[in-house]
Amino acid sequence: VGATYGMGSSLFKVGYAQANLDSASGTESKKFGLGYQYNLSKRTFLYADYARDSGTLVTTQRNGYDFGIRHAF
């Protein structure tokens, strides 16, 4: 499940996923993510994203993030 919401030059993003990999053993994976994008122009934007992965498949919770600038030539 995912959603985006635009407000002016900003774009807010959220997503969630869950997978039952083996119903007999109860193995599952859950992922959650948040993101933000700011449009500087029609072809350039700044972005920042955060994601969290957890569940019985992953023994510890993992977190990740990225940020940067993108320009389309």
Once amide hydrogens are built 1.01 Å from N within the peptide plane, the residues lying 5 or more places from Gly55 or on another chain with amide H under 5 Å from its amide H are Lys30
Summed side-chain charge close to Arg52 - residues other than Arg52 whose Cβ falls under 10 Å, Lys, Arg +1, Asp, Glu -1:
+2
Using a 10 Å Cβ count of at most 15 others and DSSP loop calls, identify the longest part of the chain lacking such trypsin sites (Lys or Arg not before Pro).
1-41
All other residues with a Cβ under 14 Å from the Cβ of Tyr36 taken together, and with Lys, Arg as +1 and Asp, Glu as -1, what is their net charge?
0
Where does the charge balance sit around Tyr65 when Lys and Arg score +1, Asp and Glu -1, over other residues with C-beta under 15 Å from its C-beta?
+1
Which whole-number value in Å² is the accessible area per residue of the chain, probe 1.4 Å?
76
The ³J(HN,Hα) series, computed from each phi in region 32-37 with the Karplus coefficients 6.51, -1.76 and 1.60 at θ = phi - 60°, rounded to the nearest Hz and given as x for glycine or proline, is 9, x, 10, x, 9, 9
Write down the Å³ per residue value for the convex hull defined by the alpha carbon atoms of region 3-58.
75
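The values are calculated or read from the model by the stated rules, or taken from the named source; none is laboratory data. Nothing here was measured: the structure is a model prediction, and the numbers come from that model. Using ideal geometry, Cβ is built from the backbone for each residue, glycine included, and neighbour counts are taken over all protein chains shown. The protein model used for the area step is the full one, side chains on, heavy atoms only, and it has no ligands, DNA or RNA in it. Shrake-Rupley method; radii C 1.70, N 1.55, O 1.52, S 1.80 Å.
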